[in-house]
Amino acid sequence: MNVNITLNDVAQNFTVDPADTLLELLRREGCFSVRYGSDSGETGASAILLDGRLASSEVILAAQADGHRVDTVEGLSAKRDDLDPVQAAFVAVGGFQSGYSAGALILATHALLADNPSPTETEIRDALSGVLDRETAYVKAVEAVKRAASVLRGEATEPFRPAILAPLTDGVRPVAYEAGATAPNVSPAIPRLIPSTDVPDMAVVGKPELKVDGVKLARGNPTFADDVELRGMLHAKVLRSPHAHARILDIDDSAAVALPGVHAVKHYKNTPRVLYASGGQSWPNPHPWDQVSFDNKVRHVGDRVAAVAAESPAIAEEACRLIKVTYEVLSFVLDENEAMADGVAVIHDEADAVGVHDASRNLALHIKAQTVSDANIEKAFASAAHVFENTYRVQQVQQTPIEPHVSVAWLDEDERLILRTATQVPFHVRRIVAPLLGLQVKDIRVMKPRVGGGFGAKQEMLIEDIVGHLALATKRPVRLVLDREEEFASSRTRHPQTLTFKTGVDKNGKLVAQQLNVTASTGAYGTHGFTVQNVTGLRGLSSYNCPAKKFDCHVVYTNIPVPGAFRGYGAPQAEFALECHMEDIARSLGREVIDFKRQNWVKVGDKLDIVMFLGERGTLDPADVDPASFPPVMTSGIEECVAQAMRAIGWHRRDDPSWVAPADRPHIRRGIGFAFCMHGTAIPFLDMGGCSIKMNDDGSFNVMSGAADLGTGADTVLGQIAAEVLGVPLDDIIMYTGDTDMTPFDVGAYASSTTYISGSAVKKAADVVRWRIKLRAARLLGVEEPCSIELHDRRAWAPDGRSISLEDIALNSLHTEDHEQIMGTGSHVSHECPPPFAAQFAEIEVDTETGQVTVVKLVMAVDCGVAINPITASGQVEGGMFQALGYAVCEEFAFDETGRMVNAEFGPYWIFRADDAPATEVFLVQTMEDSGPFGAKAVAEIPTDGVAPAVRNALLQATGVAINQIPFTPERVYHALNSRS
Amino acid sequence: MNTTLVYHRPTTLDEAVRLLAPGVVVLAGGTVVNAGTRPTGDVLVDLQALDLSGIDAPTAATLVVGATTRLSAVATDARVPSWLRDLARRELPSSLRTLATVGGTVIAGGPHSVLLAGLLACDAVVTLVGANGSGEVALADLLEELATQGQTTQPRIITSIRLDIGGDANAQSTARTTADVPIVACVVRRTPKGLRTTMSGVAGTVVIVDDVEALNPPADFRGSTEYRRHLARVLQARAITELGVGQ
């Protein structure tokens, strides 16, 4: 049928199938700003303006739009330097991160301001409620809307930059809390920056530079993995298991193969059996290796059975329906605490799995670490004046990036396999996928375009082998996009764990022994089971000084969807348990909680002993390790963090009975909770980043890094580092990242490593280039000592004030004399892992009659060293806190009696929207970490660590009831309160 | 693989009714019909050209809401009581509220719909047109029919919903977060005839509640039967208190 639509002011006629959605039509017509997030309209990533109203285009048939006006961001600005005021406002304040839903946010703003030029914050949040953003806390998007409204009203706006606050401490010692003191009144979107005197002022680093990719994202340019169309492209669909555990006795694909339009069907009977581990980690992947592309067994509902490539998604779906699978259904187990029991079905009974600790007991791994011998542990506990033991449970949740997993594969003119894929780890993907496809690494190019959020879900070789198999079989391009239900059921999640802390304390409140026992579920496959649980041990036993520590962890197989890497990577689990446990100890001892924790938390100079006994290079026997080799903490801004955040949250109110129990709301109790947070920065001796930089004719630079920007602002931060070294504005840096053919190696975006590791590689490469520029400048300026040349303001300067432009230097080197491509490379591996620190506070209200917990405000003060870009850094903190908030209060996988997930949609699963977001404040406390580029430490993951325990501790303080299981859903809280009474 | 889908956009009600047949899917906003898998019917009848959108206020205490009126229009029309506007806003986020219609919300009959609880509290009467002519049915009866028989009956088209908006009302709810779909929502409306309580989350559809203790809510992962019954008691009591009843 034909439809007439006025698309971005142009009347057009389109031929469509009646079943086509408007989303499909618009993308076919090149409006790539309109993006897929779900089939239900819930994410709003596909939102357009339909006759001026914001509307999710995946729930509109193209036929319904006949006769209507449709607007997308492609129609807003004709040129990249001519953004409309709303686009410009979002770019100015960092209103989006990955930008996957940037178009929708911008259009939502247009729809609002067209009717209401001066909206309230509530109205703004309501207008944005239809666009889910997993990356931010919406706080900067709200600021962008306010800014755009001001501009459209003709008002002047101030540059968006951090608020510089005076320190409250000397950086080392705590200060007495001043009840009633108030923090400066600044917009919540603006980070509060507390500078350190030992950080020099710099031209680009530390400045609120605009994101290098902001304009293209605001304009909706085709930049994500799925924003490509190739001639003859086939569409893949995956047939998935309806059973939690079953053996596949037979597959009959004849009807599917015979369906017109089907080009290939792959399954265990026609695919080589090559074992692998899907986690995107350094070579060699930690055990167990317990996966193959297609197996004759399924181990969770949603597990792979077969894959089809066909002319259209609909044909591929129909072909999946035609595949006849004969299953032998087996019993299954979902609870990690039941997985090792006698009589439970063995999940990995195949003979060829590698590195499974005890398959007969579903024990994938048994991880142990201790800083002293067993005898000394026992002795330490025996010496304690008090011994405390508590058990905690944390649930399975998902990263839920709004961009699902997307991969497109094709053979290039040399018949090499090209994988354009949404991944955090392009180099790991290439290495892991090669043997599965019977190819060598050199036969494959992995290109990571823009990634629409990952949070660990894309630190995985998840679907690239499927499109690879199908592309090799068909010799045609093949595209696979997971739908939202597949994302929930078959991508990756956070490991559920049961954690027991046992701690001995002496009569003065000092820890003398600490033991952490964990049972963790790695679901159907091992993937990140080893490393995530190692981080649980590391984070659980690093934050507080203690002379005797022991970690014992059983990582078990179950029949739940597979856990893997998820921002925080084992730390949120550990820190929930640890910070609750320490709170409980403080209360039992009658100690003020921050004072008790402060007495024990690690400080500058303290040794991180457990580090040496965990991870891929951990040592089992304490006798083998020289305590002098334990890495020390070199920088910590925790006291300033605590002081700033206490003031901002109004800590004293928790002791005011009239505040805790407001007289006019008798069923409400209020509380404020605290969590001390410490994380890591990259993986020492393992995480490696590489970078190359070349100079162009005009004095600009191409920076080619193997790193992966998932929306984190990494491209901007790496560009700022290069610009600072090379003496140019950020505008002169052209970033290109994550392409295995074109960029140097990098492990990828995980472990809070990009700024620290990849940034150091960029700095090293830039140092090389800088030296080459200095040499040539010295010659051209007649200066004997190249070292005396300085680079700034796009020029090379001699000590006597004469200068030459970088453009002239480039032209000279490329075209005039002694020809040379000025370029440099750098690689970096760290031997250190400097911890960022943070103070997390949460203010809550609990309805004692219903159990509903409402988080009113979150305040986090973070010591991340020098924030290379305080705007993007604060965005990381805001977004991380919000993910952690969902972990604390609402997100949880729920299963029916067959093992099927029953809430595999955003509505029933629920992630926070703009209109139910609590207030937030972010403080960035500078310290100068000498091992990091320009003083930087990590910031990406620590915001996920403290929210759940801070909320729990606030709840405890408000009600006197300790709830040791998250999420704090109304019924769980109600029962806990009720059982007390 | 739905390659046989036929799309109609009738311009008169008569034409639309003539198109109705078993298996035909009536399409209003599309937020339910088009969500997830593609339309399962072979024939779609899109109501958008039938001029069924708009809100009339024939009396001070009566509203007639056209079936294809968007929830966003209900949420912003000053003639709609503020408590009901809030429920329309709460029903769906901004990118779906502009598509979803009042008639579609009724036909979807969602047991967790806060807007349906509000409409039910207003003694809503639904006007339907089908092959057998037109008629009115109480919303409560229609929801009961939909809950027990599903969409298997002869397709009909809702043309309007009449609401009694006299008196005042209070809505209460409990959810995991402030914007989440409530586990239980309760609306108590006070009129000269007395109090009417309606609830979502306590039965297979939104219901009028005469006796909280008689409820037997279906359990799901967000709330057990007993917990939902407890919420029903608490929320009803709160709503009544907020209305100042008995004070």
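All of the numbers you see were taken from the coordinates with simple rules; none came from a lab. Remember, it's a predicted structure, so these values are computed and weren't measured experimentally. Ideal geometry is used to build each Cβ from the backbone, glycine not excepted, and the neighbour counts take in all protein chains shown.
How much of the DSSP bridge set in the stretch A:513-643 is antiparallel, in percent, rounded to the nearest 5?
Of the beta bridges lying entirely in the stretch A:513-643, close to 20 percent run antiparallel.
Dividing the C-alpha radius of gyration of the stretch A:356-496 by 2.2 N^0.38 Å, with N its residue count, gives 1.51. Would you mind checking the stretch A:340-364 for residues with the amide N under 18 Å from a putative spin-label position 7 Å along Cα→C-beta of A:Thr391? In the stretch A:340-364, the label zone of A:Thr391 (backbone N under 18 Å from the point 7 Å along Cα→Cβ) covers A:340-342. Here chain A is assigned +1 on the Cβ of each Lys and Arg and -1 on the Cβ of each Asp and Glu. Its dipole about the Cα centre then comes out at about 1060 debye. Based on DSSP H segments of at least four residues, each scored -39500 (n - 2.57), chain B has a per-residue ellipticity at 222 nm of -8000 deg cm²/dmol. Give the Debye-formula value of log10 I(q)/I(0) at each listed q (0.12, 0.15 Å⁻¹), with one equal scatterer per alpha carbon of the stretch A:48-118, two decimals each. Taken in order of the listed q values, log10 I(q)/I(0) reads -0.34, -0.53.
Placing unit charges on each Cβ (+1 for Lys and Arg, -1 for Asp and Glu) gives the protein assembly as shown a dipole about its Cα centre, and among A:Gln599, A:Leu885, B:Ala179 the Cα reaching farthest toward its positive end belongs to A:Gln599. As a rough guide to protection, the peptides A:915-921, A:934-940, A:173-179 ranked by mean Cβ packing within 10 Å, highest first, stand as A:934-940, A:915-921, A:173-179. Each residue of the stretch A:653-805 gets 206 Å³ once the volume of the Cα convex hull is shared out per residue. Each peptide in A:833-843, B:101-111 was scored by the mean count of other Cβ atoms within 10 Å over its residues; highest first, the order is A:833-843, B:101-111. Put a dot 7 Å past the Cα of A:Val625, heading toward its Cβ, do the same for A:Ser658, and the two dots end up 5.3 nm apart. Can you give the FRET efficiency to the nearest 0.05 for A:Asp335 and A:Asn185, using r as the Cβ-Cβ distance and R₀ = 56 Å? For A:Asp335 and A:Asn185, the calculated efficiency is 0.70.
Determine the shielding of peptide A:967-978 by partner chains: average, over its residues, the number of Cβ atoms on other chains within 10 angstrom of each Cβ.
Values: counts 1, 1, 6, 11, 13, 1, 0, 6, 3, 0, 0, 2.
Across the residues of A:967-978, the mean count of other-chain Cβ atoms within 10 Å is 4.
So if we plug the beta-carbon distance of B:Ser82 and A:Arg28 into 1/(1 + (r/R0)^6) with R0 = 45 Å, what FRET efficiency do we get, rounded to 0.05? Calculated value: 0.55. The eigenvalues of the Cα gyration tensor, multiplied by 5 and square-rooted, give chain B an equivalent ellipsoid with semi-axes of 31, 20, 16 Å from largest to smallest. A simple packing score, the average count of other Cβ atoms within 10 Å per residue, orders the peptides A:230-239, A:135-144 as A:135-144, A:230-239, with the highest score first.
According to the Cα-based calculation, Rg over Rh for the stretch A:527-623 is 1.01, with Rh computed by the Kirkwood formula.
The mean number of partner chain beta-carbon atoms within 10 angstrom of a residue's beta-carbon across peptide A:64-70 is 3.
For the stretch A:28-35, 3J(HN,Hα) computed residue by residue from phi via the Karplus equation (6.51, -1.76, 1.60; θ = phi - 60°) reads 4, 8, x, 8, 7, 5, 8, 10 Hz, glycine and proline entered as x. The mean sequence distance of close C-alpha pairs (under 8 Å, at least 6 residues apart), as a share of the length of chain A, puts its relative contact order at 14 percent.
Assuming R0 = 25 Å, can you tell me the calculated FRET efficiency for the pair B:Asp141 and B:Leu13, based on Cβ-Cβ distance, to the nearest 0.05?
Step by step, r from the Cβ atoms, then E = 0.65.
Candidate cross-link partners of A:Lys502 among the lysines, defined by an alpha-carbon separation under 18 Å and a same-chain spacing of 8 or more, comprise A:Lys368, A:Lys379, A:Lys510, A:Lys549, A:Lys550, A:Lys597. Counting only DSSP beta bridges with both residues in chain A, tell me the antiparallel percent, nearest 5. If we restrict to bridges inside chain A, about 75 percent are antiparallel.
Label-to-label distance, A:Gln12 versus A:Val175, with points set 7 angstrom from Cα along the beta-carbon direction: 5.9 nm.
Taking the charge dipole of chain A about its Cα centre, with +1 at Lys and Arg Cβ atoms and -1 at Asp and Glu Cβ atoms, the residue from A:Val451, A:Leu105, A:Ala976 reaching farthest to the positive side is A:Ala976.
In chain B, the longest principal axis of the Cα atoms and the axis of helix B:139-149 are about 70 degrees apart. For B:Ile158, the residues whose amide H sits under 5 Å from its own are B:Val129, ignoring neighbours fewer than 5 places away on the same chain, with H placed 1.01 Å from N. Distances between every pair of Cα atoms in chain A, grouped in 20 Å steps from 0 to the bin holding the largest one, split as 14, 46, 34, 6, 0 percent. Taking the centroid of alpha carbons for each part, the stretch A:242-277 and the stretch A:9-51 are 33 Å apart. Converting phi to 3J(HN,Hα) with the Karplus coefficients 6.51, -1.76 and 1.60 and the offset θ = phi - 60°, the stretch B:83-94 yields 5, 6, 4, 4, 5, 5, 5, 6, 4, 8, x, 4 Hz in sequence order, with x at every glycine or proline.
Multiplying the residue separation of A:Ala919 and A:His667 by 0.36 nm and subtracting their alpha-carbon distance yields 88.5 nm.
Reported to the nearest whole Å, the Cα centre-to-centre distance from the stretch A:900-968 to the stretch A:716-777 is 31. Grouping the Cα pair distances of the stretch A:433-518 into 5 Å bins from zero gives a pair-distance distribution of 3, 9, 14, 16, 12, 10, 6, 6, 7, 6, 5, 4, 2, 1, 0 percent in increasing distance order. The alpha carbon gyration tensor of the stretch A:690-750 gives principal lengths a ≥ b ≥ c with a/c of 1.5 or higher and a/b no greater than b/c, which makes the shape oblate. Centroid-to-centroid, using Cα positions, the stretch A:93-160 and the stretch A:503-582 are 40 Å apart. Where both bridge residues fall in the stretch A:698-835, DSSP classifies roughly 55% of the beta bridges as antiparallel. By the rule of a C-alpha distance below 24 Å, with chain neighbours fewer than 8 residues away ignored, the lysines paired with A:Lys140 are A:Lys207, A:Lys211, A:Lys216, A:Lys857, A:Lys937. Taking all C-alpha pairs of the stretch A:146-261, those more than 25 Å from each other amount to 64 percent. Mind pulling the angle between the C-alpha long axis of helix B:225-242 and the longest principal axis of chain B? Nearest 10 degrees, somewhere in 0 to 90. Once rounded, the angle reads 70 degrees. Under the simplified labelling scheme, the A:Trp283-A:Thr197 pair shows an inter-label distance of 5.0 nm, with each label point 7 Å from Cα along Cα→Cβ. Derived from the Cα gyration tensor, the three semi-axes of the equivalent ellipsoid of the stretch A:667-719 are 41, 18, 8 Å, largest first.
For the stretch A:214-346, dividing the convex hull volume of the Cα atoms by the residue count gives 186 Å³ per residue. Based on C-alpha pairs under 8 angstrom that are at least 6 apart in sequence, the stretch A:280-417 has a relative contact order of 18 percent. Seen through its C-alpha gyration tensor, with square-root eigenvalues sorted a ≥ b ≥ c, the stretch B:124-247 comes out oblate because a/c lies at 1.5 or above while a/b is not bigger than b/c. Note on the stretch A:608-741: the alpha carbon radius of gyration divided by the globular reference 2.2 N^0.38 Å gives 1.70.
In sequence order, the stretch A:821-831 has phi-based couplings of 7, 6, 7, x, 10, x, 10, 8, 10, 9, 9 Hz under the Karplus curve 6.51 cos²θ - 1.76 cosθ + 1.60, θ = phi - 60°, and Gly or Pro positions carry x.
Using only the C-alpha atoms, the convex hull of the stretch A:353-439 corresponds to 224 Å³ per residue. Peptide B:219-226 is shielded by partner chain Cβ atoms: per residue, an average of 4 of them sit within 10 Å of its Cβ. Note down the Stokes-Einstein diffusion coefficient of the stretch B:31-141 in µm²/s, whole number, using a Kirkwood radius over alpha carbon pairs, 25 °C, and 0.890 mPa s. D = 166 µm²/s.
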